[in-house]
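Remarks on the structure that follows.
Since every read-out is calculated from the coordinates, none of them should be taken as a lab result. Note that the structure is a prediction, hence the values are computed from the model and not measured. Backbone-built Cβ (ideal geometry, glycine too); neighbour counts: all protein chains shown.
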Amino acid sequence: MSCDEQNAPAAPRPREAGGSLDLQLRLPSDPRLLAVVRCTVAEFAAVCGFKDDQCRGITLAVDEALSNIIRHAYKNRCDQEIEMRLQASPECLQVTFIDRGEPVDRSKCCAQPLDAVALGGRGTHLIRQIMDEVCYERVPGGNRLRLKKCLPQARPTP
Amino acid sequence: MKTFTRELNGTTIVDVAGDIDMSTSPGFRTTLLDSLKKTHRLAVNLTDVRYVDSSGIASLVEVLKAARNTDKRLVLFGLNRPVQEVLQLTRLTKIFEIRKTEKEALEVPQEG
């Protein structure tokens with residue numbers, strides 16, 4: 001049986017698909033790749049059903065998380081490995097990062113008062129403001145960061 | 001990210017295009033600080049900035065501090081939605097002088 005354009009079933013809309021999505025990336029800690037990752041994350045979030053402003057927010061949070069890993073865990077070394085996993089369920093999007101770098105400084109990753117004229121420290125605030133859950137864990141030989149963003153309520157079926 | 005610097009009516013204007021992130025913010029910061037040293041009024045055109053992260057925002061804060069310390073003026077204009085969103089999330093919309101257009105950015109504020 002042929003499957004031409006006319007007979008092919010319409011592609012399911014992301015929110016109607018209902019299935020889970022799983023994308024795993026293994027990337028070097030090179031800041032030049034941040035732009036590439038941003039494009040991927042923005043598209044992934046859109047496929048999951050997030051609105052444009054939410055996609056931008058999730059992309060920003062992921063970019064800030066990767067920048068923090070490169071800057072703090074790997075001390076700006078560009079040749080280290082970061083594992084990143086994007087998982088979407090009908091309820092939420094979860095992004096997990098694993099690095100093999102220095103332990104996370106808890107005092108820097110916990111919410112502190114936002115100083116208007118401070119030069120640093122806004123990345124963590126952005127992540128916490130955008131995402132619904134942020135979890136840092138020390139794992140054997142490295143760090144694991146999990147970010148979670150809940151999907152908006154499913155629209156009522158017309 | 002690319003920058004282009006020009007002079008107009010006594011104001012130095014830096015046009016910025018592209019993404020400002022961890023890899024490009026050092027160049028962005030240097031361009032703005034160097035431009036500020038040579039002028040009394042610096043306007044940053046962010047119309048073509050598609051993305052800015054916290055390191056880009058930190059660069060802008062640093063330039064603002066340098067401007068205040070030397071009694072100079074820094075104004076941002078042409079902020080598109082992604083840039084506005086990040087400034088709002090970092091609660092910095094109030095500390096910067098922000099104008100919609102280049103024309104408005106070039107207007108000298110009335111004293112007193």
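Over all residues in A:38-45, what is the mean tally of Cβ atoms on other chains that come within 10 Å of each residue's Cβ?
1
Each of A:Leu25, B:Leu42, B:Leu89 was scored by other Cβ atoms within 10 Å of its Cβ. Listed from fewest to most, they are A:Leu25, B:Leu89, B:Leu42.
Averaged over the residues of peptide B:60-71, the number of Cβ atoms from other protein chains lying within 10 Å of each residue's Cβ is 1.
Neighbour counts of C-beta atoms inside 10 Å place B:Arg91, A:Arg146 in the sequence B:Arg91, A:Arg146, starting with the fewest. Fewest-first ordering of A:Asp63, A:Asp30 by other beta carbons within 10 Å of each residue's beta carbon gives A:Asp30, A:Asp63.
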